[in-house]
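*Asks:* Dropping a structure here in structure tokens format, bear with me for questions.
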Amino acid sequence: MKDSFGRDITYLRVSVTERCNLNCVYCGKTDCAKKENELSAGDIYAIASAFTRCGITKLRLTGGEPLVRGDIVEIAGRLHALPLQTLALTTNGVYLKQYAADLRRAGLDSVNISLDSTDGSTYRKLTGADVLHRVLEGVDEAMRVGLSPIKINAVLMRGVNDDGAADLVALAKDRPIDMRFIELMPFSDAGEDASRIVTNDELLQRFPTLKPTGEQDGTARICTAPGFAGRIGFISPVSHRFCGTCSRIRLLSDGKVKPCLGDDTVYDVLPYVHDAHALTERIRQIILKKPAGHRFGETTTAHGLNRTGG
Ligand code: SAM
């Protein structure tokens, strides 16, 4: 269905838990998330089902870290029964090696893996954990079991990991994956320091061999490089806002719906979960409340960043 600004809302991101096994420096998640407050697999299915009745065709499991949920394969299997075009997952990849085959069998189509550095020591500084090798094994396993497409997402922070950008680009040389750079969003204290943001325009200048194909894959501008098996993507929520074409809505792990990632307003749907009709109507009303645009950048001051409304 269309929201009140005429945007087709087709893409639901489901945060199945706010818990995480990593502690990334730029992430705005709190570490007090509780398992007791999480929706059950059945509730997730009921709510996602109501969303499909409102026009959702693509669903992504995310978090927190979705693979810390012991019932993630069951959740994927239930959602696979819905009339979706794509069932996807975003993960830090630490547990992907052990889950990839079961998730694929359960009906998962594709996976995005977050990886901000290929240097073990920088990876540990960014995430608090010495598990880079496990993430790389997870990427290999995802390819082996046939998850497709496979996208690796990296967030660069100036002076922290941006010197490793070339090594990240190189991941797509021999692998048929999309290596994508996502601009740092101001979620946390670290993110609010705008001088840390490496805009994608700056990054593109550093890699003159990357050639824009003119393709847009969702929110990513796509580039190729000579001899590469994979592609490089640039997602620029801060410097080139894409709110005007945003198709997304988010279900949080406690049953609240968040129409915009960059706006704190949430709406509870859990009280409606046992009445499919009321739940669907509630979701329709929430979709109509999606705001025109995000509020990232309102507190950042760096030259070159678009302010909200800009
Ligand atoms: N735990 C999973 C993972 O690591 O992919 C899923 C949740 S994580 C919050 C989803 C994505 O958000 C990751 O790719 C992460 O890099 C990105 N992210 C988190 N904080 C961010 C920020 N301040 N700016 C840009 N991206 C961010």
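*Asks:* Got a sec? Which of 198, 139 is modelled with pLDDT under 95, touching a Lys or Arg at 6+ places or on another chain (Cβ under 9 Å) and aliphatic (A, V, I, L, M)? Please lay out each step first, then the result.
*Replies:* Details: 139 fails: modelled with pLDDT under 95.
Just one listed residue meets the conditions, 198.
*Asks:* What number of residues within region 1-33 are open to solvent by less than 20 Å² (accessible area, probe 1.4 Å) and in a loop (DSSP other than H, G, I, E, B)?
*Replies:* 5
*Asks:* Assess whether residue 98 counts as being modelled with pLDDT of 95 or more and closer than 22 Å to residue 52 by Cα. Break it down stepwise before answering.
*Replies:* Details: modelled with pLDDT of 95 or more: yes; closer than 22 Å to residue 52 by Cα: no.
Judged against the criteria, residue 98 is not a match.
*Asks:* Out of (1) within 18 Å of the chain's Cα centre (by Cα); (2) part of a helix (DSSP H, G or I), the odd one out for residue 78 is which?
*Replies:* Here residue 78 meets the rest and fails (1).
*Asks:* Okay, next question. Inside region 226-244, can you point out the residues that are over 17 Å from the mean Cα position of the chain (by Cα) and either modelled with pLDDT under 95 or open to solvent by 40 Å² or more (accessible area, probe 1.4 Å) (or both)?
*Replies:* Quick first cut of region 226-244, residues over 17 Å from the mean Cα position of the chain (by Cα) only: 226-231, 239-240, 244.
Scanning region 226-244 gives 226, 227, 228, 229, 231, 239, 240, 244.
*Asks:* Looking at 196, 180, 175 in this structure, which one is over 20 Å from the mean Cα position of the chain (by Cα), closer than 16 Å to residue 116 by Cβ, crowded, with 16+ Cβ neighbours inside 10 Å and not acidic (Asp, Glu)? I'd like the intermediate steps shown before the answer.
*Replies:* Working: 180 fails: over 20 Å from the mean Cα position of the chain (by Cα); 175 fails: closer than 16 Å to residue 116 by Cβ.
Selected residue: 196, the only one of 196, 180, 175 that is over 20 Å from the mean Cα position of the chain (by Cα), closer than 16 Å to residue 116 by Cβ, crowded, with 16+ Cβ neighbours inside 10 Å and not acidic (Asp, Glu).
*Asks:* Please state which one of 130, 174, 116 is away from the ligand (no atom under 12 Å from the Cβ) and under 22 Å from residue 224 (Cα atoms).
*Replies:* Details: 130 fails: under 22 Å from residue 224 (Cα atoms); 116 fails: away from the ligand (no atom under 12 Å from the Cβ).
When all the criteria are applied, what remains is 174.
*Asks:* If residue 169 meets every condition in (1) closer than 22 Å to residue 25 by Cα; (2) within 14 Å of the ligand (Cβ to nearest atom); (3) surrounded by 22 or more Cβ atoms within 10 Å (Cβ to Cβ) apart from one, which number is that one?
*Replies:* Against the list (1) closer than 22 Å to residue 25 by Cα; (2) within 14 Å of the ligand (Cβ to nearest atom); (3) surrounded by 22 or more Cβ atoms within 10 Å (Cβ to Cβ), residue 169 comes up short only on (2).
*Asks:* Output the number of the condition that residue 251 fails; it satisfies all remaining conditions of (1) modelled with pLDDT of 95 or more; (2) open to solvent by 10 Å² or more (accessible area, probe 1.4 Å).
*Replies:* Answer for residue 251: the failing condition is (2).
*Asks:* Inspect all residues belonging to region 213-225 and state whether any of them is within 16 Å of the ligand (Cβ to nearest atom), at pLDDT below 90 and touching a Gly at 6+ places or on another chain (Cβ under 7 Å).
*Replies:* yes
*Asks:* State whether the residues of region 118-127 include one that is assigned to a loop (DSSP other than H, G, I, E, B) and of a type in the set (Lys, Arg). Before you say what the answer is, go through the steps one by one.
*Replies:* Start the filter on region 118-127 by keeping residues that are assigned to a loop (DSSP other than H, G, I, E, B), which leaves 118-119.
Then keep just the ones that are of a type in the set (Lys, Arg); that gives none.
Scanning region 118-127, I find no residue that is assigned to a loop (DSSP other than H, G, I, E, B) and of a type in the set (Lys, Arg), so the answer is no.
*Asks:* Name the single residue, out of those in region 39-69 being of a type in the set (Lys, Arg) and not in a helix (DSSP H, G or I), that is nearest to residue 15 (Cα to Cα). Quick ask: steps written out before the conclusion?
*Replies:* Step one: list which residues in region 39-69 are of a type in the set (Lys, Arg), which gives 53, 58, 60, 69.
Narrowing the set further to residues that are not in a helix (DSSP H, G or I) leaves 58, 60, 69.
Details: 58: 14, 60: 8, 69: 11 Å.
So the residue we want is 60.
*Asks:* Here is a follow-up. Among the numbered criteria (1) of a type outside the set (A, V, I, L, M); (2) open to solvent by 60 Å² or more (accessible area, probe 1.4 Å); (3) in contact (Cβ under 8 Å) with a residue 24 or more places away in the chain; (4) part of a helix (DSSP H, G or I), which single criterion is violated by residue 36?
*Replies:* Result: residue 36 passes all but (3).
*Asks:* Working carefully through the options 53, 69, find the one that is within 16 Å of the ligand (Cβ to nearest atom), more than 19 Å from residue 126 (Cα to Cα) and out of contact with any strand residue (DSSP E or B) (no Cβ under 8 Å at 6 or more places or on another chain). Lay out the reasoning, then the answer.
*Replies:* Working: 53 fails: within 16 Å of the ligand (Cβ to nearest atom).
That would be 69, the only listed residue that is within 16 Å of the ligand (Cβ to nearest atom), more than 19 Å from residue 126 (Cα to Cα) and out of contact with any strand residue (DSSP E or B) (no Cβ under 8 Å at 6 or more places or on another chain).
*Asks:* Same structure again: Sort through 86, 62, 30, 10 and tell me the only one that's at pLDDT 95 or above, farther than 21 Å from residue 245 by Cα and hydroxyl-bearing (Ser, Thr, Tyr).
*Replies:* Details: 86 fails: farther than 21 Å from residue 245 by Cα; 30 fails: at pLDDT 95 or above; 10 fails: farther than 21 Å from residue 245 by Cα.
Going through 86, 62, 30, 10 in turn, just one is at pLDDT 95 or above, farther than 21 Å from residue 245 by Cα and hydroxyl-bearing (Ser, Thr, Tyr): 62.
The values are calculated or read from the model by the stated rules, or taken from the named source; none is laboratory data. Given the structure is predicted, the values throughout are model-derived calculations rather than measurements. Methodologically, a virtual Cβ is constructed for each residue, glycine included, from the backbone with ideal geometry; neighbour enumeration extends over all protein chains shown. Just the protein is used for accessible areas: all its heavy atoms, side chains included, with ligands, DNA and RNA removed. Shrake-Rupley method; radii C 1.70, N 1.55, O 1.52, S 1.80 Å.
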